[in-house]
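Taking it in order: structure first as structure tokens, then the write-up.
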Amino acid sequence: MTLITQAQLQQLLVNGRAQRAAIDNDQGALDFKPVVKLFTPDAQCTWLLTELDPDHELAFGLCDLGLGEPELGYASLTELRTVRGKLGLPIEPDEHFEADKALSAYADEARQRGGIVT
């Protein structure tokens with residue numbers, strides 16, 4: 001199963017380039033809506049990704065490993081492809097997810113609740 005569709009990949013790259021340009025021009029960080037939601041069907045791990053580096057390796061977003069401490073950070077797509085839950089199931093994309101707010105709003109809510117809620 002493909003974690004990220006071609007359309008999502010393109011949007012993640014566009015966001016990544018825009019973020020880099022904003023930082024390089026001292027405009028501060030941009031706050032995108034998540035492009036993709038990934039999760040483990042047999043664990044409580046969730047990732048809301050907003051951008052991707054030009055090498056297609058590091059994605060930025062809200063990462064929740066099910067420990068009650070969701071955080072903003074980077075995740076390796078190579079590593080995500082190898083992650084397995086308790087029953088050995090791989091990470092899956094939530095094909096029905098549509099972001100309705102910026103990543104910072106998801107992060108604030110996740111910190112208050114101890115996990116990502118979508």
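The values are calculated or read from the model by the stated rules, or taken from the named source; none is laboratory data. A quick note: this is a predicted structure, and the numbers were derived from the prediction, not measured. Cβ atoms come from the backbone with ideal geometry, glycine included; neighbour counts cover every protein chain shown. Accessible surface is based on the protein model in full, side chains and every heavy atom, while ligands, DNA and RNA are left aside. Shrake-Rupley method; radii C 1.70, N 1.55, O 1.52, S 1.80 Å.
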* Asked: Across every pair of different alpha-carbon atoms, what Kirkwood hydrodynamic radius in Å does the chain reach?
  -> 14.4 Å
* Asked: What are the lysines whose alpha-carbon lies under 27 Å from the alpha-carbon of Lys101, with same-chain residues fewer than 8 places away excluded?
  -> Lys33, Lys37
* Asked: When the chain is modelled as a GNM with alpha-carbon springs shorter than 10 Å, which of Asp100, Asp24, Asp42 fluctuates the most?
  -> Asp24
* Structure fact -> Kirkwood calc, region 1-41, C-alpha pairs only, radius in angstrom 11.6 Å
* Structure fact -> Over the Cα atoms of region 55-118 the radius of gyration and the largest Cα-Cα distance (Dmax), both in Å, equal 12.6, 34
* Using a 1.4 angstrom probe on heavy atoms only, work out the carbon and sulfur share of the accessible area of region 37-100 in %. => 51 percent
* For Arg84 and Asp108, compute 0.36 nm times the residue count separating them, minus their Cα-Cα distance, and round to one decimal in nm. => 5.9 nm
* How much mean residue ellipticity at 222 nm does the chain get from its helices, if each DSSP H run of length 4 or more adds -39500 (n - 2.57) and you divide by all residues, to the nearest 500 deg cm²/dmol? -> -9000 deg cm²/dmol
* **For the chain: accessible area per residue (Å², 1.4 Å)** => 59 Å²
* So what are the ³J(HN,Hα) numbers for region 64-70, from phi and the Karplus equation (6.51, -1.76, 1.60; θ = phi - 60°), rounded to whole Hz, Gly and Pro as x? -> 10, 8, x, 9, x, 10, x
* Packing-based order for 49-61, 77-89, using average beta carbon neighbours within 10 Å, highest first -> 49-61, 77-89
